[in-house]
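Here the structure is laid out as structure tokens; the discussion comes afterwards.
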Amino acid sequence: MDNQLQGDDLLGALKARAGELQAQLSLSGQVLKRGAALEAAAREEGFRDWNAASAAARRTQTTVLPSRLLSASASERPPAPKDVWDLNRHSTWHPDIWSLMSDFIGPDVKKAFRSKPPEYLVSDDLTWLDDLVLKVRGIHVDSKAELAERLLGRYRAIRACHGTSVPTVNSFYEQGLRPLDIEEFHDQARKIFLSGEYSELSEVNLQRAMEYVSPVTREGRVYFEANERFLIEMCGHYMLYGSEYLTALAANLGGTRDYRRVLKKRFAPTLFVCDVPLENLHPGTVAEFAGTALESIFQELLDGPTYAPDKWRGAGFSIRVPLEPSCILGHFHPAIIRDPLR
């Protein structure tokens, strides 16, 4: 943990560490109460006890945090505005999809679907639906493309999360989320690994790592995940280590150790909840979300009251423009337990 952490960032990081300590001991059948875990986390960082850590946090509290710090539980946050698509709450948007496609998909199509559902109900190939509409109504339709266009008229934005590890959140609320600048991260790598602390490393090591790690899928993009639970529980490395590109460079430095560990928990694991304008998404991405939405409503049609979305289905995407600060709803510090890189 970095000694630059302040205010709620400091408390959030300590609470996250306390959760990890509890989880680690539970694996061996031991029980660590929350209070004891908080005390242990505070002492790890050089504080006398939890009260001392709390006092330090209060002294360094900033003005931006109180209004932007969110509950770690999505169910305890206010619902998204009606013009924001929140994939995590299917009950709020399933009726919208039926309504948007009602001129193609009515009771007759639903009845035919129930009587003979397709062998594979999938979103990447919707010929099962397009063929059904043609058979029942005699209408040729590309349902994915049609819904994608209509979604842009129905929703202003899609709710999604961006996970990272940062010393302070203030710059995000001032500058927004910026696409990856490769040279900026090369400079960061030099400051971290070539500052003299790791004498076994040189510019040669970093140049080799930069040659090996391709920036093609990362440069000029900002990444998001619309499935918050999936991001936290399956992709914790973004919040434990920070930049995936920087982490990849660290993994390929050579030397005498796994330099990714240098990055781990330098700063507080942080997750930003954002409303990303749909117009900023690539048309192909919107089309993929349209396909997923159609698969989802028809799966519910089959399952009835027992329907439950696949909680482990990722919904990641990227944009190639900055996300404005006004699009960031707030942030919280999740208690990351699983490290996918271990």
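The values are calculated or read from the model by the stated rules, or taken from the named source; none is laboratory data. Just so it is clear, the structure is predicted and the values come from calculations on it, not from any experiment. Positions of Cβ are backbone-derived with ideal geometry, glycine not excepted, and every protein chain shown enters the neighbour counts. All accessible areas refer to the heavy atoms of the entire protein, side chains included, with ligands and DNA or RNA removed. Shrake-Rupley method; radii C 1.70, N 1.55, O 1.52, S 1.80 Å.
In this simple spin-label approximation, residue 339 and residue 302 carry label points 7 Å from Cα along the Cα→Cβ vector, and these lie 4.0 nm apart. Spin-label model, residue 262 to residue 217: label points 7 Å out along the Cα-to-beta-carbon direction sit 2.5 nm apart.
Sequentially through segment 143-153, phi angles give Karplus couplings (6.51, -1.76, 1.60; θ = phi - 60°) of 4, 5, 5, 5, 5, 4, 5, 6, 4, 5, x Hz, Gly and Pro residues having no value and appearing as x.
Remark: the chain carries 51 Å² of accessible area per residue (probe radius 1.4 Å; ligands, DNA and RNA excluded).
Magnitude of the Cβ-charge dipole of the chain, K/R +1 and D/E -1, about the Cα centre, nearest 20 debye? Each step should come with its number before you reach the end.
Numbers: 41 positive and 46 negative charges, 207 e Å.
Charge dipole of the chain: 1000 debye, to the nearest 20.
Computed from backbone phi, the HN-Hα couplings of segment 27-34 come to 5, 9, x, 9, 10, 10, 5, 4 Hz, rounded to whole numbers (Karplus: 6.51 cos²θ - 1.76 cosθ + 1.60, θ = phi - 60°; Gly and Pro given as x). With the charge dipole of the chain set up from +1 on Lys and Arg Cβ and -1 on Asp and Glu Cβ about the Cα centre, the Cα lying farthest toward the positive end among the listed residues 158, 325, 236 is that of 236. Computed over segment 182-263, the P(r) tail beyond 17 angstrom holds 48 percent of alpha carbon pairs.
Based on DSSP H runs of at least 4 residues, each adding -39500 (n - 2.57), what is the mean residue ellipticity at 222 nm of the chain after dividing by all its residues, to the nearest 500 deg cm²/dmol?
Numbers: 16 runs with 162 residues, N = 342.
It lands at -14000 deg cm²/dmol.
Using C-alpha positions alone, give me the convex hull volume of the chain per residue in cubic angstrom.
169 Å³
About the centre of its Cα atoms, segment 90-225 shows a dipole size close to 800 debye [charges on the beta carbon of Lys, Arg (+1) and Asp, Glu (-1) only; nearest 20 debye].
Taking the protein heavy atoms of the chain in the context of the full set of protein chains, the accessible area attributed to carbon and sulfur is 51 percent at 1.4 Å. Calculate how many DSSP beta bridges within the chain are antiparallel, expressed in % of all such bridges and rounded to the nearest 5. Around 85 percent of the beta bridges assigned by DSSP in the chain are antiparallel ones. Packing-based ranking of 175-182, 143-150, 302-309, 162-169 yields 162-169, 143-150, 175-182, 302-309, ordered from highest to lowest mean Cβ neighbour count within 10 Å.
Starting from the Cα gyration tensor of segment 192-327, take the square roots of the eigenvalues, sort them a ≥ b ≥ c, and report rounded, prolate or oblate (rounded when a/c is under 1.5, otherwise prolate if a/b is larger than b/c, else oblate). Please report the intermediate quantities before stating the final value.
Values: a/c = 2.66, a/b = 2.15, b/c = 1.24.
Here segment 192-327 falls in the prolate category.
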